[in-house]
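Chemist: Got a structure for you, questions after.
Laboratory data are not the source of any read-out in this text; all were calculated from the coordinates shown. Just so you know, these numbers come straight off a predicted model, no measurement behind them. With ideal geometry, Cβ positions are generated from the backbone for all residues, glycine too; neighbour counts draw on all protein chains shown.
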Amino acid sequence: MKLIEYLAPLKNSSQQARILASMYFLEATEDKSTFTTGDIRAQLAAARVPNLKTWNIAARLGAAGHLVHADGATTARIWELTSSGRTEIAAWAPPLPVEERSVIKKAEAAALRGKVAAISDPETKAFASEAVDCLDVGAHRAAIVFMWVAAVHEVQERLWNTSDGTSITAAAQSHNPRAKVCKKRDDLSEYNEELLLQVAHDLGIIDKNEKAELIKALGLRNSSGHPNKLRPGEHRAKAHIEDLITMLF
C-alpha cells in the first residue's frame with residue numbers, strides 16, 4: 001500500500017488529521033519514527049495531496065498537543081508520535097496494512113540477526129542477540145537495555161585489549177580521583193558508564209562523535225531501565241540497536 005492509497009479515505013479530513021495519519025502510516029511501513037516538516041511535506045507531495053503549498057505543517061503539529069513530541073530548535077524540530085498519539089490516531093485512521101507490515105518486520109529481524117551474527121566476541125554477540133529476541137516479542141525497554149550491555153562490553157573489551165591498566169587508571173582518575181585502580185579486566189566494571197566512555201574517548205577508543213552518540217544511547221538505556229512513564233516504541237528500540245551495531249561493530 002502507498003501513502004496516497006492510505007490517505008484516500010481521509011481526503012475530506014483536516015490538514016492535521018492527514019499529517020498525523022501520514023506519520024502513523026510511515027512509522028508502521030517504512031521504519032521511520034522521527035520526521036522533519038520537510039520529510040512530511042515531501043511524502044504528502046508524493047501522495048499528490050492538493051493545495052499542499054498552503055499548508056503550515058509545523059503549526060498543525062504544534063497544535064496537536066500530546067499526540068506528538070518535538071526535539072530541537074523551533075526552526076529545525078524533529079517530530080515523532082507519542083504512544084498516546086498512536087492510540088488515538090488508530091481509533092480514527094484507516095487500518096494499517098498488517099500483512100505487509102508483518103513481512104517487513106520479518107525481513108528487518110532477519111537483517112538485524114545477520115548483523116549480530118557478524119559480531120566476533122561471543123559475550124557481546126549473546127547480549128546483542130537477546131536484544132533482538134526482546135525486540136521480536138515487543139519487549140522494547142528490555143531490548144534497549146540488553147543492547148546497551150552489549151555496547152558497554154564491547155567498549156570494555158577494546159579498552160583492555162588496546163591499553164594497559166596504568167593508562168586506563170590515569171585517564172579515569174583525571175576525571176574522578178577516587179576511580180578504582182585498574183589492574184585486571186574486571187576492574188573496568190567498577191567504572192560508571194559515563195566515566196567508561198570518557199576514558200575510552202581519552203585513550204582513542206572512540207571519537208568525539210561516537211562518544212556523543214553513546215551518551216545519548218546511555219540516556220535512553222537509563223530511561224528504559226528505571227521505573228517511569230517512558231514506553232519506547234518498536235522503531236525507537238530498533239533504531240537504538242541498529243545505531244549501536246553500526247557504530248561499534
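Chemist: Apply the Karplus parameterisation 6.51 cos²θ - 1.76 cosθ + 1.60, with θ equal to phi minus 60°, to every residue of region 222-228 and state each ³J(HN,Hα) to the nearest whole Hz, in sequence, with x for glycine and proline.
Modeler: 4, 5, 7, x, 10, x, 6
Chemist: A follow-up question, please. Between E123 and K53, what is the FRET efficiency for a Förster distance of 51 Å, r being their Cβ-Cβ separation, to the nearest 0.05?
Modeler: 0.40
Chemist: So who's got an amide H within less than 5 Å of the one on T82, skipping anything under 5 residues away but keeping other chains? H placed 1.01 Å off N, in plane.
Modeler: V68, H69
Chemist: A further question on this structure: With angles folded into 0 to 90 degrees, how steeply does helix 165-175 sit against the dominant principal axis of the chain? Use alpha carbons for both and round to 10.
Modeler: 60 degrees
Chemist: Between S167 and S14, what is 0.36 nm times their sequence separation minus the Cα-Cα distance? Round to one decimal in nm.
Modeler: 48.9 nm
Chemist: If each DSSP helix of 4+ residues adds -39,500 (n - 2.57) and the sum is divided by the residues in the chain, what number results at 222 nm, nearest 500 deg cm²/dmol?
Modeler: -20000 deg cm²/dmol
Chemist: Still on this model: Once you put a point 7 Å from the Cα of N228 and another 7 Å from the Cα of A76, both along the Cβ direction, what distance in nm separates them?
Modeler: 2.5 nm
Chemist: Right, next: Per q in 0.11 Å⁻¹, report the Debye log10 I(q)/I(0) for the chain, using one uniform scatterer on each alpha carbon and no solvent.
Modeler: Each listed q corresponds, in turn, to -0.69.
Chemist: Now a separate question. Seen from all sides and averaged, what is the projected area of the convex hull of the Cα atoms in region 10-75, in nm²?
Modeler: Details: hull surface 18.4 nm².
Seen from a random direction, the Cα hull of region 10-75 projects 4.6 nm² on average.
Chemist: Could you go through region 22-29 in sequence order and give the Karplus-derived ³J(HN,Hα) for each residue, using 6.51 cos²θ - 1.76 cosθ + 1.60 with θ = phi - 60°, rounded to whole Hz, and x for Gly and Pro?
Modeler: 5, 4, 4, 5, 5, 4, 7, 10
Chemist: Using alpha carbons only, how many angstrom separate the centre of region 1-70 from the centre of region 193-225?
Modeler: That distance is 34 Å.
Chemist: Same structure again: When the chain is fully extended, how far beyond the present Cα-Cα distance does T87 get from H66, taking 0.36 nm per residue of separation?
Modeler: 6.4 nm is the gain from fully extending T87 to H66.
Chemist: Continuing with the same structure: Under a point spin-label approximation (7 Å from Cα along Cα-to-Cβ), what is the R185-A110 distance to one decimal in nm?
Modeler: For R185 paired with A110, the spin-label model returns 3.5 nm.
Chemist: List the residues, sorted by chain then number, that are 5 or more residues from C182 or on another chain and whose placed amide H is less than 5 Å from its amide H.
Modeler: The list, which skips near neighbours in sequence, is T169.
Chemist: Tabulate in residue order the Karplus-calculated ³J(HN,Hα) for region 114-126, using 6.51 cos²θ - 1.76 cosθ + 1.60 with θ = phi - 60°, rounded to whole Hz; enter x for Gly and Pro.
Modeler: My calculation for region 114-126 gives x, 5, 5, 4, 7, 6, 7, 6, x, 5, 4, 4, 5 Hz in order.
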